[in-house]
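First the structure, in the form of structure tokens, and then the observations on it.
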Amino acid sequence: MTRLHLSAALDGAGWHPAAWRDPAARPADLFSAGYWTGLAAEAERGLLDLITIEDSFALQSSRFGLPDDRTDQVRGRLDAVLIAARLAPATSRIGLVPTAGTTHNEPFHVAIGIASLDYASHGRAGWRPQVSGRAHEAAHFGRRTFPGIFEPAAFRTPEGRALIAELFGEAADAVEVVRRLWDSWEDDAEIRDAATGRFLDRDKLHYIDFEGPRFSVRGPSITPRPPQGQPLVTALAHDVVPYEFAAGGADVVYVTPHSRPDAVTIVAQVREAERTVGRTGEPLRIFADLLVFLDTEPGAAAARKARLDDLDGAALTSDAEIFAGTPGELADLLLDWRDAGLDGFRLRPGVLPSDLAAISRELVPVLQGRGAFRTAYESGTLRGHLGLPRPANRYAAAP
Amino acid sequence: MPVTSAPVKQIHLAAHFPGVNNTTVWSDPRSASQIDFGSFVHLAETAERGRFDFFFLAEGLRLREMKGRIHDLDVAGRPESLTVLSALAAVTTRLGLAATVNSTFNEPFDVARRLATLDHLSGGRAAWNVVTSYDAFTGENFRRGGFLDEADRYTRAAEFLRTARELWDSWADGDVLADAAAGEFVRPGAGTFAHRGEHFDIAGRFTTPRGPQGHPVIIQAGDSHEGREFAAADADVIFSRHGTLEDGRAFYKDVKSRLAKYGRGPDELKILPAVTYVLGDTEEEAAERAHEIRRAQVSPQNAIAYLEGYWGRDLSAYDPDGPLPDVEPDLSEGVSKGRAQFRGDRGEVVRRWRALAAERGLSIRELVIEATGRQTFVGTPRTVADRIDEFVQTDAADGFVFVPHLTPGGLDDLVDRVVPLLQEKGVFRADYTGPTLRDHLGLGAPRPASARAREEASS
């Protein structure tokens, strides 16, 4: 049986806006290292492929594209790349995949940050590039303005489509720059040749000379090629433009089907996107996102979610399907949806750390019992967990 | 403990990761990787074992070039500073963690949140060495490119830092309530900010709650009048290059005298020159080692490359063990890019070197060894400890940033053999007394950005 890949998406106190009010939550610790190392240890205990860490240059909001003034939900976050770096020495096998934006960040800084995470984790780094068209987020940088229509309802208007095309075009350029910078040092560029006094073989360092409408980057990187060669690039995508973005630059795509037939449709769209962009080499690994509440006692998870909905004053909504049930029921669902052509799942715990613990301590043993999940890590690198080889360097002369 | 009439000054020590320059000797068999995380762990653990104040990482956002090609003679290749420091926060518990971050090729919102994040994740140990750059060469790696006039460097840096402080102040201590019973996670309006200035016009809500130190420790390394003034106004540590006793005292006096007009006391800015050291069991052995290290630092190829930086022309045909080039320097433009440039009169320097080489019969390589940085402290552990203490007690410094010549073991013998002597003298801590870097440096709570603005307006 083909094994599933499993990952967990970490964000604040969990994915329910009232999660921090759950008795199991640790709301006073969200900005401490100990909170995050505890979560990472829990995920690693469950032998998960990777954890993602959410991020944004704007405070959380109950409105997708606009700020709000609510004080009854978690507000505030730490930089995700630095959280991942803090977790690297505290873990040994699990992949660490922080979010870092492509709209306001410098691609050069992202490239050296993720490469440095790959060094600190000995080959377990990934990156989730993310666009933002939020006007209030752009005002934190004061360098560009957006028309204030960054919300799903507006994405299908002509202006919305133009904005999405611009943001994802820039994101594709950013990923291209980052990947070129990771390759800009060949693996054997450092020679330490005492006879000639040369530390470097400069012929094995490469200018990347990227020129695009938003930025041009000369290179090479200041950081040598990271241990994995190319750290894992992963992208969340909900529509054709982001599917094509993922197909063009990512290794893993997170999608949001709401049923097995929906998963069949989305997988077909992703494969079509791969053909559209002319993807070669390894196909995209497709993970479905699910927002999960897990309790072993039947009905308990749904009741817990309902209590949180009451506290928040509204039923939870999400781009991803919401699951509340037992670990056995979730295992059934995952194995059913897998047959739609999914490689794995990214589970968004409704409440942290309790729903993450339920994943690693209850869901994982069920899947293992069905022969659908690893019983030990078999690789030391994140690419290795996903069965991806260390790629050849695009700049290296063919042997 | 000796009985003293006046309290002795306490010394502050920092460890500079050797990294990327020709101080670092890569040809030594003990020289390990400059990029493997294990090397950073080794030096950070050594520094913490020695009870150092902080660990320091430099930055350079473009590989250096000579004559239009990547400079291949020196160690190159380093990580992103804040990322590796955040990882080091996991393997240390008290050591301060200082990142050099350029104010030209970054934005205040991002830098402020990353430093606040490091401060949270390290339990209050973050520091920021604020550097500025204006060169279009480095700018070719960034969106903004080389857009800054040299004259705007410090105005932008000063406004950048002021803006960052406003962002750190936008959350008060206690704004995170996390009160589940009351259903209040955060105080209303936490993080609200608006900055309208010449270089930055930004507003909104900052994402990161106030860190344990309030503001990270601010380090500044400029030596010009503007740099000194910037440090006097707004830095906690000045990282200088005045490694001799006489220069050090003059610099120290000058910088400390600038503090009063900003309403600051002399202890609020620590002066820590960057220094090197070489130990031996005898003075002679130390001197011999020092000479060997100098020869390793200045390889024949490096000697030629160094002269080319001043001559402004290709000198590869000259014998490094022969006399100085007889051609005249080309003073029109430099051949070296991506490192701090010599900005004085190159022609005058060349004339001085020719005189020195003629007088002492020096070859090119010998001249470069003579003309470039000598080790600051050379001797037995006892004489080096005494000399360090003398610098500090006679107000040439408040302590030092040690730059080892080997990665990663280059501070092992300093920590094992010199630090205990300083501790015996009662001039260096036997253990950390507080959890934060501000504690180590004896700095109080940071003044709010608003108070600084009022003082600047009234001064």
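Based on Cβ point charges of +1 for Lys and Arg and -1 for Asp and Glu, what charge dipole magnitude is obtained for the protein assembly as shown about its Cα centre, in debye rounded to the nearest 20?
360 debye
Multiply the residue gap between B:Ala151 and B:Ala181 by 0.36 nm, knock off their C-alpha separation, and tell me the result in nm, one decimal place.
Length gained between B:Ala151 and B:Ala181: 5.3 nm.
Set the Förster radius R0 to 22 Å, insert the Cβ-Cβ distance between B:Ser257 and B:Arg417 as r into 1/(1 + (r/R0)^6), and round the FRET efficiency to 0.05.
0.05
Sticking with the crude label model, points 7 Å out along Cα→Cβ, report the distance from B:Ala250 to B:Asp431 in nm, one decimal please.
That separation, rounded to one decimal, is 4.4 nm.
Sort B:Lys425, A:Lys305, B:Lys256, B:Lys67 so the one with the fewest other Cβ atoms within 10 Å of its own Cβ comes first.
Ordered from fewest to most neighbouring Cβ atoms within 10 Å, B:Lys425, A:Lys305, B:Lys256, B:Lys67 come out as B:Lys67, B:Lys425, B:Lys256, A:Lys305.
What does the charge dipole of chain A about its Cα centre add up to, to the nearest 20 debye, if the Cβ of each Lys and Arg holds +1 and the Cβ of each Asp and Glu holds -1?
540 debye
Going toward the positive end of the dipole of the protein assembly as shown, with +1 on Lys and Arg Cβ and -1 on Asp and Glu Cβ, which of B:Ser81, A:Ala100, A:Thr317 do you reach last?
In the protein assembly as shown, that residue is A:Thr317.
For chain B, build the convex hull from the C-alpha positions and give me its volume per residue in Å³.
Cα convex hull per residue, to the nearest whole number: 167 Å³.
So in the protein assembly as shown, what percent of DSSP beta bridges are antiparallel if you round to the nearest 5?
In the protein assembly as shown, approximately 20 percent of DSSP beta bridges are antiparallel ones.
Return the Cα extents of the protein assembly as shown along principal axes one, two and three, sorted largest first, each rounded to a whole Å.
90, 67, 50
Need one number: the % of Cα-Cα pairs in chain A sitting beyond the 28 Å mark.
That fraction is 47 percent.
Ordered by packing density, taken as the mean number of other Cβ atoms within 10 Å over each peptide's residues, highest first, how do B:51-59, B:409-417 rank?
Packing proxy ranking, top to bottom: B:51-59, B:409-417.
Once you place label points 7 Å from the Cα toward the Cβ at B:Ala451 and A:Asp187, how far apart are they in nm?
Here the modelled spin labels are 5.6 nm apart.
Find how much the distance from A:Arg361 to A:Ala300 grows on full extension, using 0.36 nm per residue of separation minus their present alpha carbon separation; answer in nm with one decimal.
20.3 nm
From Cα pairs below 8 angstrom and at least 6 apart in sequence, can you work out the relative contact order of segment A:167-257, rounded to a whole percent?
28 percent
Counting only Cα, what are the radius of gyration and maximum Cα-Cα distance Dmax of segment A:26-125, in Å?
Values for segment A:26-125 (Cα only, Rg and Dmax): 14.6, 42 Å.
When you have a sec, figure out the Kirkwood radius of segment B:299-371 from all distinct Cα pair distances and drop it here in Å to one decimal?
Computed over segment B:299-371, the radius equals 12.3 Å.
With the crude spin-label approximation of a point 7 Å out along Cα→Cβ, what separation in nm comes out for B:Tyr134 versus B:Arg360?
Going from the B:Tyr134 label point to the B:Arg360 one covers 3.5 nm.
Can you work out D for segment A:285-399 in µm² s⁻¹ from Stokes-Einstein, where Rh is the Kirkwood radius over C-alpha pairs, the temperature is 25 °C and the viscosity is 0.890 mPa s?
152 µm²/s
Which is farthest toward the positive dipole end of the protein assembly as shown among A:Val110, A:Ile359, A:Gly14, measuring Cα position about the Cα centre, with Cβ charges +1 (Lys, Arg) and -1 (Asp, Glu)?
Result: A:Gly14.
With the contact rule set at Cα under 8 Å and sequence spacing of 6 or more, what percent relative contact order holds for segment B:322-421?
Relative contact order comes out at 24 percent.
Which net charge results when you count Lys and Arg as +1 and Asp and Glu as -1 among the other residues whose beta-carbon is under 15 Å from that of A:Asp188?
In short, -2.
None of the figures in this text is laboratory data; all of them are computed from the coordinates on show. Note that the structure is a prediction, hence the values are computed from the model and not measured. Every residue, glycine among them, receives a Cβ derived from its backbone with ideal geometry; neighbour counts consider all protein chains shown.
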